[in-house]
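Reading through the structure tokens given below for one structure.
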Amino acid sequence: MKIIVLVKQVPDTTEVQLDPKTGNLIREGIESIMNPDDRHAVEAAVGLKEMLQARVTAVSMGPPQAVDVLSEAIGMGVDEGILLSDRAFAGADTWATSTTLGRAVEVIGEYDLVICGRQAIDGDTAQIGPQVAEYLRIPHVSYVSGIESVEADAVVVRRRLEDGFERIRCSMPALLTVIGELNVPRYPHVGRLIDACREKAPIKVWNVADLGLKTAEVGLEGSLTHVVKTFAPKFQRRSEILQGDTRTVVSGLLDRLKEIRVI
Amino acid sequence: MTVWIERELCNGCKRCIQACPYGAIELEDGKARILERCTGCGACLAVCKQEAVKSDIRPREIPDFSDRSGVWVFAEQRGGVLHPVSLELLGKARELAEALGQEVAALLLGDGVGALAETLVRHGAEKVFLGEDPVLRDYRSLPYTDVIENLIEKHKPNVLLMGATHVGRDLAPRVSRRVGVGLTADCTELAIDPGERILLQTRPAFGGNVMATIANRFSRPQMATVRPGVMEAREIPENQGEVIPFPVELSENEAGTVVLEVVKEERQRVDLSQARVIVAGGRGVGDRAGFEVLEELAGLLGGVTAGTRVAVEEGWIGADRQVGQTGQSVRPELYIACGISGAIQHRAGMMNARYIVAVNKDPRAPIFQVADWGIVGDLRDVVPQMIEQLKSGALG
């Protein structure tokens, strides 16, 4: 069995703060991490590998430093990593990203399952999984919360719904997008992780030419959606900071809430 | 792609610096300079009045889409019950269609669901495309995509909206890739640009505290998903609509998936979207006991508690109470944010609250910028004080 797992390096957005003067994002000191849902995808792939003797390849698109998430994936038990890195990939929307990742899976060639996280915390779109599946013309199941069994040419999974779940049999090759409920990711094995960070680690770097794509098909140029403008959200709020000791500010607040008849 | 500054054209106005989501431009000797951290996203290109920001991107021709007409809404139903987001989208679609001088259509797919068409018409649909077949009984990505692809090819709509539900977020990307169009997820605002007459799609972006307005100039239909609870449904009793049944030719063999079982779970799901008062906690609450105190305050105010992603991940509160980009969107009368810094992912879910109160130790926390009233202080002092004053008859 061959499994391909798609992972992304993201800024740890739980730590994000605004510069009070400019309203801009303070980016200094924000750590890069493996996207949380993707960690569950790696765990799922490595878990299946242990049960079914699969070979697992992790693929990531990103700048050179994104190699760290591939090392981490290898530390968790993935066999090899492929980093898709090229200036031409920059500024990609989900259309161009799914072209790039989908093409990489095609170039790898043989696979039974592609597993990825439901969504990345820096974009929250949840679009890449289904779009890569459509690029590859294979069926997919998103929001996978359980993998029940793997048969010869199909996989039986649970798909999380807002008010319960579905049990679905999906023919293979297939793509699954997974959510945190699926499993508890293991920590990377220290020895493996150290090896995975060395020069001879089983990690390849592919650029746009290695994928056989044109620069016009990827990155900002290959995107179908474009940012017209960005702005710090403005709100018509009173923005009144109440002053005084705790007793005073609380009674002041309750007075105001009574005034507007909320309490 | 690469972005650079023509120094002789730059007048040091700093517009590009403000537009850069990555903080990758700085001013040097009164001229903008692009730093290594530039990702080539292109956000600075549009804002430069001097045309001093250059890139090696080739300008792309915008195709002629004058034959494209109609604002479509995917009407999500499961088990014969319409998802409320479908009606919310119709309310918005009506507004967009009026601005364009085009009509609103709903796509209703399933098996034996024709009776729902009337509800869609009453909420603004002027046409309901009705596709009924046993293969469409349970939602499945491939059969639904096949049907929608055929409809799009035949009728050439201009805009297609879907709810950002577990179904919509599965179907929309599949359809967009199939018909070759861009897609913007989880929009909080949709509008028609009066000049270009394109759909402007606004959403929180770049994983940070910025909103981005996104356009889809190069493909049709312009596709977007919208979270439940963000738009408002409007009943238009006098609206007239036409139901257009169309033949569905699908083979079960090509569906790719079989739904073996649908299991409903009686989770004690709190419907935050209906709550009048929400007391929400974040990292600053510190532990589960802290949430019990918030619970007491919420009880006194006739409200419910909610939490940020961090609070949910720490296990202080259930995932069904998460407010934000990955949780629920809420619009209560009063939202009290305790120990919440106010990252945009959280604000995306609560900025439609009528009144917002913030309690936080850090005066720099972004939450204060969106609050009506702020208290800078330790919530461990402030919240018990609120409880005490409310109990001692301040309510009377």
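The values are calculated or read from the model by the stated rules, or taken from the named source; none is laboratory data. The model shown is predicted, which means the values in this text are computed figures rather than measured ones. As a convention, Cβ positions derive from the backbone with ideal geometry for all residues, glycine included, and neighbour counts pool all protein chains shown.
Here A:Leu224, A:Leu220 are screened, and the one residue that is under 30 Å from B:Thr213 (Cβ atoms) and in contact with a His (Cβ under 9 Å, 6 or more places away or on another chain) is A:Leu220.
Of the candidates B:Arg309, B:Arg321, B:Arg283, B:Arg276, the single residue that is buried (at least 21 other Cβ atoms within 10 Å of the Cβ) and within 12 Å of another protein chain (Cβ to nearest Cβ) is B:Arg309.
Among the residues of the stretch A:186-213, which ones are within 11 Å of A:Gly77 (Cα to Cα) and surrounded by 14 or more Cβ atoms within 10 Å (Cβ to Cβ)? Within the stretch A:186-213, A:Arg186, A:Pro188, A:His189, A:Arg192, A:Leu193, A:Ala196 qualify. Looking at A:Ile138, A:Ile121, A:Ile179, A:Ile108, just one residue is at pLDDT 95 or above and either closer than 30 Å to B:Lys264 by Cβ or within 9 Å of another protein chain (Cβ to nearest Cβ) (or both), and that residue is A:Ile138.
Scanning the stretch B:64-111 for residues that are out of contact with any Gly (no Cβ under 7 Å at 6 or more places or on another chain) and among the β-branched types (Val, Ile, Thr) returns B:Val71, B:Val73, B:Val81.
Is it fair to say A:Ala88 is more than 14 Å from chain B (Cβ to nearest Cβ), within 18 Å of A:Ser223 (Cβ to Cβ) and buried (at least 19 other Cβ atoms within 10 Å of the Cβ)? When the stated conditions are applied, A:Ala88 does not pass them.
Just one of B:Val243, B:Val181 is in a loop (DSSP other than H, G, I, E, B) and modelled with pLDDT of 95 or more; which is it?
B:Val181
Return the residues of the stretch B:149-178 that are β-branched (Val, Ile, Thr) and either at pLDDT below 95 or not assigned by TED's automatic domain parsing to the domain that holds B:Leu109 (or both); say none if nothing qualifies. Selection gives B:Thr165 alone. Taking the stretch B:370-382 as the range and being within 7 Å of chain A (Cβ to nearest Cβ) and either assigned to a loop (DSSP other than H, G, I, E, B) or crowded, with 18+ Cβ neighbours inside 10 Å (or both) as the test, the residues that pass are B:Val370, B:Ala371, B:Asp372, B:Trp373, B:Gly374, B:Ile375, B:Val376, B:Gly377, B:Val382. Just so you know, in the stretch B:23-48 the residues that are touching a Lys or Arg at 6+ places or on another chain (Cβ under 7 Å), surrounded by fewer than 19 Cβ atoms within 10 Å (Cβ to Cβ) and in contact (Cβ under 8 Å) with a residue 24 or more places away in the chain include one that is nearest to A:Gly222 (Cα to Cα), and it is B:Ala46. Filter the stretch B:122-134 down to the residues that are surrounded by 22 or more Cβ atoms within 10 Å (Cβ to Cβ) and of a type in the set (A, V, I, L, M, F, W, C), then identify the one that is nearest to the other protein chains (Cβ to nearest Cβ). So, considering only residues that are surrounded by 22 or more Cβ atoms within 10 Å (Cβ to Cβ) and of a type in the set (A, V, I, L, M, F, W, C), the one nearest to the other protein chains (Cβ to nearest Cβ) is B:Phe129. Sub-7 Å Cβ pairs linking a first residue in the stretch B:346-365 that is over 15 Å from B:Pro228 (Cα atoms) and crowded, with 21+ Cβ neighbours inside 10 Å to a second residue that is among the charged types (D, E, K, R) and at pLDDT below 90, at least 6 apart or interchain, are B:Ile356/A:Arg237, ordered by first then second residue. Of all the residues in the stretch B:309-327, those that are over 17 Å from the mean Cα position of the chain (by Cα) and in a loop (DSSP other than H, G, I, E, B) number 5. Every residue in the stretch B:154-186 that is without any contact (Cβ under 8 Å) to a residue 40 or more places away in the chain, of a type outside the set (D, E, K, R) and either crowded, with 24+ Cβ neighbours inside 10 Å or within 7 Å of another protein chain (Cβ to nearest Cβ) (or both), please. Hits for the stretch B:154-186 are B:His166, B:Pro173. Of the residues making up the stretch B:328-355, those that are facing another protein chain (nearest Cβ under 7 Å) and part of a strand (DSSP E or B) are B:Leu334, B:Tyr355.
Of the residues screened, B:Ala93 is one that is buried (at least 24 other Cβ atoms within 10 Å of the Cβ) and not aromatic (Phe, Trp, Tyr). Quick test for you: out of B:Arg203, B:Arg217, B:Arg234, B:Arg227, pick the one residue that is at pLDDT below 95, farther than 26 Å from B:Ser273 by Cβ and either surrounded by fewer than 20 Cβ atoms within 10 Å (Cβ to Cβ) or under 15 Å from the mean Cα position of the chain (by Cα) (or both). Result of the check over B:Arg203, B:Arg217, B:Arg234, B:Arg227: B:Arg217. Annotation for the stretch B:66-77: no member residue is modelled with pLDDT of 90 or more, farther than 29 Å from B:Thr145 by Cα and part of a loop (DSSP other than H, G, I, E, B). Only strands (runs of 3 or more DSSP E) whose full extent lies in the stretch A:136-175 are considered here, and the ones with at least 2 residues that are within 17 Å of B:Leu142 (Cα to Cα) and of a type in the set (D, E, K, R) are A:164-171. The residue that is farthest from A:Thr99 (Cα to Cα), among those in the stretch A:222-241 that are at pLDDT 90 or above, buried (at least 18 other Cβ atoms within 10 Å of the Cβ) and facing another protein chain (nearest Cβ under 9 Å), is A:Thr225. Only one entry of A:Gly219, A:Gly252, A:Gly212, A:Gly244 meets the criterion of being more than 8 Å from chain B (Cβ to nearest Cβ) and either closer than 30 Å to B:Gly42 by Cβ or within 23 Å of the chain's Cα centre (by Cα) (or both), and that entry is A:Gly212.
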